1. Just grab the label-to-label distance for ASP57 and LEU15, each label 7 Å out from Cα along the Cβ direction, in nm (one decimal).
2. As an exercise, identify the trypsin sites (Lys or Arg not before Pro) in region 68-105 lying in DSSP coil whose Cβ has no more than 10 other Cβ atoms within 10 Å.
3. In Å and whole numbers, how far do the C-alpha atoms of region 10-54 stretch along each principal axis, longest first?
4. Between ILE2 and LYS100, what is the label-point separation in nm under the 7 Å Cα-to-beta-carbon projection?
Amino acid sequence: MIKEFKEFIMRGNVLDLAVGVVIGSAFTAIVTQIVNGLITPLVSLVFVLTTGEKSADDALGALVFHVKGVAFNIGDVISALITFLITAFVLFLIVKTVNKMKKTPEVAEEEVSGPTTDDLLEQIRDLLAAQNATKATGVMKETTENNKE
């Protein structure tokens, strides 16, 4: 049982998946910090400049509303959406680049490849036909020589 588990864990797909999860987590942390440290302050600045309020908290107060004492923080939702969109876009670019890199070697192999199977079969056919013609000519010469004697 332990041997089977070890074989399962050591498969390439499982290890690739584990590496992907770890890298994805680290990447998400980076994107979250970019959103919290750069994009959210820029959005706050835009709200401060457009609303004329003196602080970002006052300006972003419009993004928080209360219903019967329960606060709904729309700013957090917008921040999560921005984080998701940035993460999805960067992952899209990574996958697109990897797919492009996978396609490039295949094109090079096709250009370098030799004759096709059909070409080889035609060559074999021609060689066999020439060989059979040579044998037939040799048999006819022997028959002609035997008849002369």
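Bear in mind that the values in this text are calculations on the coordinates, not laboratory data. As the structure is a prediction and not an experimental result, all values here were calculated from the model. Because the Cβ atoms are built from the backbone with ideal geometry, glycine has one as well, and the counts that use them run over all protein chains shown.
1. Between ASP57 and LEU15, the label points sit 5.2 nm apart.
2. Working: sites: LYS68, LYS96, LYS100, LYS102, LYS103; in loops: LYS68.
Passing sites in region 68-105 are LYS68.
3. Each principal axis gives a Cα extent; for region 10-54 these are 60, 11, 8 Å.
4. 4.9
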